[in-house]
Amino acid sequence: MDIIKITGGRKLYGEVHVQGAKNSVLPILAASLLSKGTCVIHNCPSLSDVTASLAILRHLGCRAKQEGSTVIIDSVDASRFDVPHDLMSEMRSSVIFLGAVLARFHRAELSLPGGCELGPRPIDLHIKAMEALGADFCETAGNISCKADSLNAADINFTLPSVGATENAMIAACAANGTTVITNAAREPEIADLQNFLNAMGAKVKGAGTSTVIVEGVSEFHGCTHTVIPDRIVAATYMSAAVSAGGEIFLRNTEKTHLEAVTDALRQTGADIDCMGDVIHIIASDKPKAIRPVVTRPYPGFATDAQPPVMAAVLKAEGTSVFVENIFENRFRHGDELNRLGADIRIIGRVAAVTGVDMLRGIPVRASDLRGGAALVVAALGAEGETLITDIHHIRRGYDDIVYDLNCLGACAGILKK
Ligand code: EPZ
């Protein structure tokens, strides 16, 4: 059981290369199942969720391996359409395989994703989209099985812009007869990255990044090469780390247009943030100020995944900052552990009020979920003394090597083996 040890109270100085986007690579790995050739995917982070996705692809009959930050998948011999519970439960977002398995085999048998630390994770929108394309579902004891005599184009309108449901609909529609129109689609940058990957395989998708995605079905998908976009939430985490600890850092391999809401919020602390090409340069204020209310919304609104690290960035800011979490029911669990570090966070339902304190003190804390764990890391950098963070498997789901990255930024961080 590894533990992250951070000795805080020192400013950050340094630069770090930001990894490829977890939330882009996961749907892309699933979509590679459509190909009858070999897909080479660059800028892939080494994450437990990536490892879990490769295990699912191998179970389905693909050859899949990761060499450094390159993943190579040969799906020509894929033959199975079932994903057993032990593989489905390895990661939260395994439901992203539904559209790809259905598109390839016209059948799919997956176990239902459980709830997760953030609250219930329903998949009703995923199922409605697959049914619109012609799939019949039946649900038994926590498993869903579906089949389609054929997949036919449909008009799919989402009642809310679900990222995963949009991705499943895009992937499945690529193999449907005719042209599918998806409205109220999610607009996250990862959707556009998936579109580019699908089109590199021979699909005909357009409109990703807007609320309307149009997919013209095709019958064959070939191999391709693709480079994953930078991870905007990892970038937001390290920008928050600079505000929390103070100092001056450079982030390389970033896309500033994906970070506008976060950059705007962190500038309100008094930080100087300049974006030059794929580099973000941030000089933190010696005395951060509280920020205007942060309200999480679907993209291009403030990303829910950035809420925990940005909250950790303002724990010592002058004044009170308010956070409203509109996307997930239970995404303030990091608040309790941050208060144990000395923060002053009061939570009522979906609203958290963070009043700045003079000092945080390092103590042993426990990560509750992926981005909540990242928030503990950010806070520890701004705390006096030593913080020990346990349950870091949550953090490893989304951060390739956060300790290495932090030390590149001049932090004093390490892993303790228990
Ligand atoms: C993706 O999850 C991301 N995960 C999440 O990142 C991110 O927080 C989320 O999008 C929102 O941006 C991946 O991309 C792998 P949603 P997803 O479907 O697709 C409700 C991280 O930390 N909903 O957009 O599961 C749902 O309950 C993770 O990297 C339905 O009601 O998110 C939630 O309230 C955490 N029915 C809201 O929509 C459905 O069928 C947004 O969920 C599907 C979703």
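The values are calculated or read from the model by the stated rules, or taken from the named source; none is laboratory data. If you're wondering where the values come from, they're calculated on a predicted model, not measured in any experiment. Virtual Cβ from ideal backbone geometry, glycine too; neighbours counted across all protein chains shown. In case anyone asks, the SASA skips ligands and DNA or RNA and just uses the protein heavy atoms, side chains included. Shrake-Rupley method; radii C 1.70, N 1.55, O 1.52, S 1.80 Å.
Things worth noting here:
- Reachable lysines from residue 65, criterion Cα separation under 21 angstrom, eight or more residues apart if same chain: 22, 36
- Sorting 255-263, 308-316 by average packing, meaning the other beta carbons within 10 Å per residue, from highest down gives 308-316, 255-263.
- For the stretch 173-248, the solvent-accessible area of protein heavy atoms averages 30 Å² per residue (probe radius 1.4 Å; ligands and nucleic acids excluded).
- The charge dipole of the chain, taken about its Cα centre with unit charges on the Cβ atoms of Lys, Arg (+1), Asp and Glu (-1) only, comes to about 400 debye.
- Rounded is the label for the stretch 22-227. Its Cα gyration tensor axes, ordered a ≥ b ≥ c, give a/c under 1.5.
- Peptides 279-289, 32-42 ordered by average Cβ neighbours within 10 Å, highest first: 32-42, 279-289
- Karplus-derived 3J(HN,Hα), 6.51/-1.76/1.60, for each residue of the stretch 269-277, Hz, glycine and proline x: 6, x, 6, 8, 10, 10, 10, 10, x
- Annotation: the antiparallel percentage among DSSP beta bridges lying fully within the chain is about 70.
- Folded to 0 to 90 degrees: helix 232-245 orientation relative to the chain principal axis, Cα: 10 degrees
- Each residue of the stretch 329-337 was assigned a 3J(HN,Hα) from its phi angle through the Karplus curve 6.51 cos²θ - 1.76 cosθ + 1.60 (θ = phi - 60°); the sequence is 5, 9, 10, 10, 5, 5, x, 4, 5 Hz, with glycine and proline shown as x.
- Between the Cα long axis of helix 48-59 and the first principal axis of the chain there is an angle of about 10°, rounded to the nearest 10.
- Only one residue of 134, 96, 387 has its Cα farthest out toward the positive end of the dipole of the chain, where Lys and Arg carry +1 and Asp and Glu -1 on Cβ, and that residue is 387.
- Size of electric dipole in the stretch 22-227: Cβ of Lys, Arg +1 and of Asp, Glu -1, about Cα centre, debye, nearest 20: 280 debye
- Taking every protein chain into account, the accessible area of the stretch 269-418 amounts to 40 square angstrom per residue (probe 1.4 Å).
- Working from the Cα coordinates of the chain, the gyration tensor eigenvalues give, after taking √(5λ), semi-axes of 38, 21, 20 Å in decreasing order.
- Heavy-atom accessible surface of the chain: percent carbon and sulfur, 1.4 Å: 50 percent
- Among 105, 59, 44 - extreme Cα towards positive end, dipole of the stretch 22-227, charges at beta-carbon: 44
- Per residue, the accessible area of the stretch 1-98 comes to 35 Å², computed with a 1.4 Å probe over protein heavy atoms only.
- Between the stretch 93-109 and the stretch 144-164, the alpha-carbon centres lie 11 Å apart.
- Between 0 and 90°, nearest 10: helix 163-173 axis offset from the chain longest Cα axis: 20 degrees
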